[in-house]
Amino acid sequence: MSAVDPPPMLRDPQLRRLWAVGMLMSLIRWLEILAFAVFTYEHTRSALWVANLMMLRLLPLSLFGLALGALAARRSRRTVLIVTHAMLLGASCLLLILSVSGVLVVWHLALASFINGVVWAGDMPMRRSLMGDIAGHTRLVRAMSLDAVASNACRLIGPGLGGLLLARGGLTAVLAVTTLFYLPVLVALTGLSRQPVAADLARPSLRGLLVRGLQAVRASPALRAVMWITIVFNLFGWPVLSMVPVIGQVRLHLDAPGVGLLASVDGVGSLLGALVLTSIAGRLRQGPLYLGAVLLFLALQIVFGWSADLWLTVAVLLVIGLAQAGFAVMQATLVYVAAPADRRPEALGLITMCIGVAPLGFLLTGWLAEHLGASTAAMVTGACGLVAVGLTWPLCRGCFPATTDTARP
């Protein structure tokens with residue numbers, strides 16, 4: 001990295017707006033996830049219902065990831081982002097009205113989670129691909145790392161703030177805050193420059209765009225490896241974080257603010273990890289870091305499920321957050337670099353679809369937690385993930401060659 005690279009990127013108003021949107025949406029998302037989970041568990045006493053709520057938030061990633069990736073290549077990404085986030089503002093206002101009226105029930109939260117997931121499905125092929133286009137290859141890892149820093153800083157604040165708001169004003173206070181946060185999100189999006197869209201004659205059909213994305217994956221061992229590792233992580237790794245509120249209340253006997261603080265610990269680790277990645281971006285071997293982060297996450301979630309000590313659990317969640325930062329930053333970077341330039345939105349749509357298998361992971365984790373307990377569910381799924389990586393090791397190693405070429409600035 002040259003000495004003059006960071007200032008232009010940090011002063012770029014377009015990148016700053018995209019980072020701000022990611023940061024605020026992360027804050028809103030984690031406020032909602034914690035508050036919805038606590039509200040649902042208090043009203044149903046069911047860990048399965050808690051997992052199902054998160055599953056509904058993730059289901060649109062598998063249903064619409066491919067289509068949104070193709071849409072990103074055919075429509076103005078700025079316009080689509082504005083429309084979808086305005087839709088979220090409307091949904092949040094409606095939930096607030098229902099909560100103030102005292103008629104809010106779990107199925108309302110389930111529907112809102114699904115709508116939020118539809119917008120989340122467009123983040124990778126639209127906001128993050130736009131960020132990659134603006135940053136360019138030489139600054140890509142740093143741009144993605146800074147995006148992770150901004151998002152994880154708010155993810156760190158979100159659960160703790162959510163716990164305090166729940167303790168002071170209940171779910172109504174949480175919904176009032178999230179509704180207000182959507183306003184600066186829309187301001188940032190409307191300030192983005194209008195992106196050129198290809199003429200109609202230059203645009204292939206929707207089916208053609210999806211086929212081209214699949215062809216790019218088939219032609220690239222690195223893309224195949226990233227897709228498969230993403231599936232494993234979202235089936236057996238990430239869903240365990242939905243059990244933090246349950247384990248915090250049942251196993252560690254924490255109150256709502258305590259659960260909020262516990263749920264924010266992995267966010268601290270993710271923030272620290274993203275900061276480290278930002279400082280050493282030019283020296284990274286991206287593929288090994290990506291795979292190693294997943295293996296570390298899976299191994300530590302076994303310890304997380306086994307631990308009955310608060311401080312050991314805190315330490316494990318902190319390192320889990322570090323691993324998650326490595327996974328998240330390298331995932332988008334590897335896909336963006338490995339895909340042909342004219343097929344990046346479709347490839348990012350495909351990775352969103354792979355993330356969309358997470359509902360199955362949350363369903364599995366919730367079912368195991370319902371029958372065996374949340375702690376046992378964490379241990380079983382972690383072991384299954386490690387076995388899955390071991391059985392498909394030749395496929396997983398496919399992401400290694402891409403690191404030699406892409407790690408150089």
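The values are calculated or read from the model by the stated rules, or taken from the named source; none is laboratory data. These numbers come from a predicted model, not from an experiment. Positions of Cβ are generated from backbone atoms using ideal geometry, with glycine treated the same way; all protein chains shown enter the neighbour counts.
Only residues that are at pLDDT 85 or above and among the small types (Gly, Ala, Ser): list them for region 375-405, please. The answer is SER375, ALA377, ALA378, GLY382, ALA383, GLY385, ALA388, GLY390. Scanning region 262-283 for residues that are at pLDDT below 75 and surrounded by fewer than 22 Cβ atoms within 10 Å (Cβ to Cβ) yields THR278, SER279, ILE280, GLY282, ARG283. In region 195-228, of all residues being of a type in the set (Gly, Ala, Ser) and outside any helix (DSSP H, G or I), the one that is modelled with the highest pLDDT corresponds to SER220. Does ILE231 qualify as being in a helix (DSSP H, G or I), touching a residue at least 40 places away in the same chain (Cβ under 8 Å) and buried (at least 22 other Cβ atoms within 10 Å of the Cβ)? Against the criterion (in a helix (DSSP H, G or I), touching a residue at least 40 places away in the same chain (Cβ under 8 Å) and buried (at least 22 other Cβ atoms within 10 Å of the Cβ)), ILE231 does not qualify. The numbered conditions (1) of a type outside the set (Asp, Glu); (2) closer than 29 Å to PHE400 by Cα; (3) at pLDDT 75 or above are all true for GLY136 except (3).
As a summary of the residue check, THR179 satisfies the conditions (1) at pLDDT 85 or above; (2) within 22 Å of ILE134 (Cα to Cα) except for the one numbered (2). From the list LEU58, LEU89, LEU34, LEU71, the lone residue that is modelled with pLDDT of 85 or more and touching a helix residue (DSSP H, G or I) at 6+ places or on another chain (Cβ under 7 Å) is LEU89. Under the condition of being closer than 16 Å to LEU68 by Cα and not acidic (Asp, Glu), the residues counted in region 105-132 number 16. Looking at GLY122, is it buried (at least 22 other Cβ atoms within 10 Å of the Cβ) and on the phi < 0 side of the Ramachandran plot? Considered against the rule, which asks whether it is buried (at least 22 other Cβ atoms within 10 Å of the Cβ) and on the phi < 0 side of the Ramachandran plot, GLY122 comes out as yes.
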